[in-house]
Amino acid sequence: MPSIARPAILVIDDDVEMTEMLGEYLEPEGFVIEVCHDGDTGLKLALQPQWQLIVLDVMLPRLNGFEVLRRLRESSPVPVIMLTARGDAIDRVVGLQSGADDYLPKPFDPQEFVARVKAILRRTAPSLLRQPENEEVVVLADVTLDSRARTVRRSGAHVELTSVEFALLRAFLRAAGRVLTREELFREVLDRAFSVFDRSIDNHVSSLRKKLGPRPDGRERIRSIRNAGYIYPSDESGPAGA
């Protein structure tokens, strides 16, 4: 099994050439890679605790990637990047709503793939890539976010978030009362350039809203600002729609 001294990545994809190519790009960057080629075996491996990241293809024999992700999310928050040869937007939405942290259509630029892997690990396992960031606890109204413990509580109850949702909420809480543009969120949360055709942030915001629910006073917790971005109202902000 891979050592956890370096980031350990499980690649579940039945395309042998693809998995070999990913290994050629990831291993020189210091990642430890293990590969399997079917969904059933992949799920059993994915449920083991040593992985910092899982790369999961949608079209798999024995168990498709969406079902692997659904079962994995029942017990594990490990970050997942989904891959697909199908370009349907609905696949992307289903993957993100099912708990994927990122989603890449094939074919893709291997260097972009490596950049996305690093972006996720900077959020979820920063000590393996760089010195840990300063720990902090952010409290706003009924929400408490603990960066060191990587936990979120709403009115004392634990809220299970993906790594992207956690980073997104942290960005909103730090900038409460100020509009964050999609460009800012792409850069800070996804660590990549903004594209008008990429709806990833919008899908993650939608999922985060559902998990957090409305504020105690009934106001919407994350407001969309037309042609601008999003705002998480501070306690001093006016009522929704103001």
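Any read-out appearing in this document is the output of simple, stated calculations on the displayed coordinates, not a laboratory observation. Just so it is clear, the model here is predicted, and its values are computed rather than measured. Backbone-built Cβ (ideal geometry, glycine too); neighbour counts: all protein chains shown.
Points to keep in mind about this one:
- Note that the range 156-162 has calculated 3J(HN,Hα) couplings of x, 8, 5, 10, 7, 10, 6 Hz, one per residue in order, obtained from phi through the Karplus relation 6.51 cos²θ - 1.76 cosθ + 1.60 (θ = phi - 60°); glycine and proline are x.
- The phi torsions of the range 213-220, fed into the Karplus equation with coefficients 6.51, -1.76 and 1.60 and a -60° offset, translate into couplings of x, x, 5, x, 8, x, 5, 5 Hz, rounded to whole numbers, with Gly and Pro shown as x.
- Segments 65-74, 15-24, 159-168 sorted - mean Cβ within 10 Å per residue, highest first: 159-168, 65-74, 15-24
- Top positive-direction residue, dipole computed over the range 26-184 with Cβ charges, set Leu161, Thr84, Val32: Leu161
- Among beta bridges identified by DSSP and lying wholly in the chain, the antiparallel ones come to about 45 percent.
- Over all projection directions, the Cα-based convex hull of the range 137-181 averages an area of 3.2 nm².
- Model label sites at Ala157 and Phe194, defined 7 Å from Cα along the beta-carbon direction, differ in position by 3.5 nm.
- For Tyr103, the residues 5 or more places off, or on other chains, whose built amide H falls under 5 Å of its own are Met82.
- For Asp101, net neighbour charge (Lys/Arg +1, Asp/Glu -1) across residues whose Cβ lies under 10 Å away: 0
- The chain - Rg over Rh from alpha carbon coordinates, Kirkwood radius: 0.97
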